[in-house]
Structure formats: C-alpha cells, structure tokens
Amino acid sequence: MAQLTYRTAGESHGPALIALIEGMPSGVAIDHAFIDSELHRRQGGYGRGARQRIEEDRAIFLSGIRQQVTLGSPIAIEIANADSRIDDVERTPPVFRPRPGHADLAGSIKWLTTDCRATLERASARETAARTAAGAVAQCLLRTFGIECFGFVCGSLATTSAVEPSAATLQKMRTARDASEVYCPDAAASASIVAAIHQAKVDKDTVGGMCEVHVFGVVPGLGSCASSDLRLDARLAGAVMSIQAFKGVEIGLGNEVARRTGSQVHDPILFDPSRRGESHLGFVRPSNNAGGLEGGMTNGMPIIVRGAMKPISTLLRGMPSVDLRTHESTQSQYERSDISAIAAASVVMENVVAFEIARAMCEKFGGDSLGEMRTNYDSFVAAARRMGE
Ligand code: EPS
C-alpha cells in the first residue's frame, strides 16, 4: 500500500495542469461537484486578474476512480488551461526584467537563462488549482470520518477578523464566508479588506493577507513525536509554506507564545465523561492555544493553522530591477496578474492542510480499502475510550 502523496505538473499557459494522487484507499466516494466547487472558489475573490474570466477550472478524472468511487490505484486529475499559449512567442514573450519577490531572478540564475518565463510558468500560482483538486479529493476521505476543514481570510494590512469559528457554528461560518467578496466571515473586516484591495488597485500596487484553517473532528494521536519528520505540526507548516507567496505559518497561538508565560499559554486538561463521544474523547481543554497539536500529534482539539501571504509580486507600476541581458537598471516587467489573491489562497490553504491531515489519517489507520481503514479507526477509538477503565 503506497503512502498517501500527490504531485502536480503543468505550466501556467501550458495545455493543462495535472494532479497525481497515490495511496488513496479504495471505496472513497468522490464528490465531483464538491471538487469543482473548490476549484470555482479558488478562481474567485475580489482583486483577481483577467485570467479568471478566461478559465473555468474543472477536474477531469483520468484514472483511479470507477463510477465515482476510488479504486485504490493512482488518481490522475487534469484541469485544462483555456489560455494555453506557452509556445506562442508573440502572446507569451520572454521576460528579461525580473519582478522583486517573484521566482524570476533566482530561477533564471538557477537554470542559467536570461528569460524569466522559463521559471515563471511553473512558479505561477496557477499551479495551486491542481493542489486544490488533490486536497478536495482528500476532503472526500476526511468527511467519511466526520472531519471538516474550514479555510478563510482572517486579515490583511491593518485589518484582523474578530470571528472565531467552532464546530457548532461551522455552517453559519461557511455561509458568511461565502457571502464575502474576500472569503472573510467577519462582515466588517471583509469590507475593509475589499477597500484596501481597491486602494491598491488605484495605487497600481498589490496586497497580501492572513488565512486561517480550522480542522474539526480529528481524534488524538495523528502524527508522532517519535521522529522529527513525523511531527504533524512540522508537516502542516511545510505544506502551508510551500504555497506560492506564503512567508509565515503559525499554529494555535503561534508567535504569541514567545510573549507569554507557561501558565498563560498551556491549555489545562480536564475530563468530562459525558463528552467521551467527541473527538477529544472527553479530554476537554478550556482553551486551545496549542491549536490542536502537542508534541507534533493531534490532541483531539480543533487544529488551527494560520498562514501569511505576501502581496503579489507583479506590480502594475513596477519595482526597481535590472535587465538580465545588460545588467542595466530598469523597472520590473509587468505581466497580467492579480491585485490580491488572498481569497484564493485561503481555498488553497484549506486544501493543502486537508491533504496533510488525510495523509496522517492514512498513516495511523490506513488500509487498502476504506472499509479496512474504518475498522482500524473504530478499534483505536474504542480502545482509547476504554483507557483508564
Ligand atoms: C493564476 C493565473 C495566472 C496569474 C496568477 C495566478 O494567470 P496569468 O499569468 O495568465 O494572468 O494570474 O499567477 C500569479 C499570481 C503568479 O505569481 O504568477 C491562477 O489561476 O491562480
């Protein structure tokens, strides 16, 4: 049985993007409409560029499913690029003036070419469509275990959202988020982020922001403190940091832990036998500063991950740069782009987090089929509930 992994392939203006998932158990019902709706959400949000009016991203399953149910074989998903023109030099010209903040300069030196297009076609955040599809497939597995992932925008510039999602308010939160032009469930914060993006557009500038993902219904014991590479917090941080333009990741209280004493940080442990049926198995924590992870393992509380996205590096007014052919000072080259992709980033982040949780679920409870995995899961949870009896 292969480990649950995925890879993507595809250039921004190539014929298609591909996601290849391995290690998904057989028997998982694929909610195609949900996967396409995640792709649709990723295309949205205030501040997106003209590309999203050209594309209509949809997941085409090339392998790994039969009658909408996984077979246990590799799952290949294609997302066609309507704006495919990578070999058309007129419409997709070379880029010689690298954009500060983009992969342009580092990639051009790495691959020994003065044409940044050789790098930017793959570095482009268009690739996140394939990651979203892979993560949405992972969510189909997670939902069979009652695990729900909720990603949203929680801030930008001086604005911070005041809402705190919980399992009980999840549906209300989803409705509020989906009503927001920037996927922020706090209406006042949403309006101020929209205004900031509008101002950046006027200024020919760009805006980043903060995204947060909460995962509800995860039992304790996923991940491991036994080896550094098995720590789930590290893996979540790596997954989020790998999203284009992300520069910071926090779990739970995050950086704030350094500014508080132990008694102000650690979540007391209580036990309530009447709540044994919940994901924390009755080990109630009155606060969740740990963000659901202690020792690199889930502790049954909601997982909370935050990610900071930098502003898009393509500025209409340009930034100081050099021409790679002459080394002369110039302004960076403009390519059609977004003013802000923070809303889209929250969808991508939800789905990369979902994939890591699904991977950890498969590691602990995995089997070749969903039925086998379910048996392993049920027997573990029953044994954990009997502990101390
Ligand atoms: C993107 C599509 C791209 C960019 C954006 C993300 O389309 P195009 O380059 O054809 O306008 O809008 O890419 C970047 C932010 C980047 O850094 O390259 C998408 O579908 O998400």
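Values in this text are rule-based calculations from the coordinates and carry no lab data. Please read all numbers here as calculations on a predicted model, not as lab measurements. All Cβ positions, even for glycine, are placed from backbone atoms using ideal geometry, and neighbour counts span all protein chains on display.
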By its C-alpha gyration tensor, with a ≥ b ≥ c as the square roots of the eigenvalues, how is region 26-178 shaped: rounded for a/c under 1.5, else prolate for a/b larger than b/c, else oblate?
oblate
Pull out a ≥ b ≥ c, the square roots of the eigenvalues of the alpha-carbon gyration tensor of region 63-126, then state rounded if a/c is under 1.5, prolate if not and a/b is larger than b/c, and oblate in the remaining case.
prolate
Relative contact order for the chain, counting Cα pairs under 8 Å that sit 6 or more residues apart, in percent:
23
Out of V352, V215, V284, any idea which swings most in a Gaussian network model of the chain, alpha carbons joined below 10 Å?
V284
Give me T144, T159, T326 sorted ascending by neighbouring Cβ count inside 10 Å, so fewest comes first.
T326, T144, T159
In what sequence, highest mean first, do 304-316, 227-239, 167-179, 264-276 appear when ranked by Cβ atoms within 10 angstrom?
304-316, 227-239, 167-179, 264-276
Where the only charges are on Cβ atoms (+1 Lys, Arg; -1 Asp, Glu), what is the dipole of region 137-192 about its Cα centre, to the nearest 20 debye?
140
For S369, enumerate residues with amide H under 5 Å from its amide H, sequence gap 5+ or separate chain, H modeled in the peptide plane.
S26
Would you mind checking which residues have amide H under 5 Å from A16's amide H? H placed 1.01 Å from N; only 5 or more apart, or other chain.
E11, N81
Report the label-to-label distance for A158 and S63 in nanometres (one decimal), using points 7 Å from each Cα along the Cα→Cβ vector.
5.4
Filtering chymotrypsin sites (Phe, Trp or Tyr not before Pro) in region 311-389 by DSSP loop and by at most 16 other Cβ atoms within 10 Å leaves Y334
Within region 5-386, how many Lys pairs that are eight or more residues apart, or on different chains, come under 25 Å at the alpha-carbon?
7
Across region 240-255, in residue order, what do the Karplus-derived ³J(HN,Hα) couplings come to in whole Hz, using 6.51 cos²θ - 1.76 cosθ + 1.60 with θ = phi - 60° and x for Gly and Pro?
6, 5, 7, 6, 3, 6, 7, 10, x, 9, 9, 10, x, 5, x, 4
Over the residues of region 5-386, compute the C-alpha Rg and express it relative to 2.2 N^0.38 Å.
1.03
Given backbone amide H placed at 1.01 Å from N, residues whose amide H is under 5 Å from that of V284, ignoring those fewer than 5 places away on the same chain, are L270, F271, D272
